[in-house]
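This report concerns only the one structure given below.
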Amino acid sequence: MTTYLACIGNRSDIIGMAALHRVLQARGDRMLVLHTGQQHPMTDLLLRFFGMDPFLQMPWQRETTRRGGLPTSDLVNMVGRVIGQAKADVVLVQGDSRAALVGALAAEHYQRPVAHVEAGLRSR
């Protein structure tokens with residue numbers, strides 16, 4: 001069984017990962033959701049709808065700094081710790097959001113493969 005850690009932050013990330021979540025579950029793999037909270041609480045409904053309960057919800061809220069969130073370096077360190085805690089084999093990122101950047105940087109730093117999910121989702 002492979003453990004995937006999906007680093008998601010906004011509604012389009014959730015929608016993009018939902019089908020992959022179903023496929024991985026059906027084949028017996030684990031997909032843990034790390035929600036960076038970019039569009040919290042708007043994303044809660046979508047997470048519940050797709051049955052994607054967050055393994056961890058990060059404190060991304062705008063109150064954390066005047067500029068709209070935690071510094072990227074802090075988020076990379078936090079995600080890195082979660083990668084270790086979750087014993088993730090692969091880190092999944094979606095789209096071009098800050099969550100994707102943070103997930104990819106943390107995976108690289110902690111020497112885990114990164115899978116970028118999106119190519120062609122909005123094309124014909």
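Every number in this text was worked out from the coordinates using simple rules, so none of it is lab data. Predicted, not measured: the structure shown is a model, and the values here were computed from it. Positions of Cβ are generated from backbone atoms using ideal geometry, with glycine treated the same way; all protein chains shown enter the neighbour counts.
Computed quantities for the displayed model
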item	result
Phi to ³J(HN,Hα) by Karplus 6.51 cos²θ - 1.76 cosθ + 1.60 over region 77-91, Hz, x for Gly, Pro	5, 4, 5, x, 5, 5, 4, x, 4, 7, 6, 6, 7, 9, 9
Inter-site label distance for ASP74 and LEU101 at 7 Å from Cα along Cβ, in nm	1.6 nm
Under 5 Å, built H, 5+ apart or other chain: amide partners of VAL117	VAL93, GLN94, GLY95
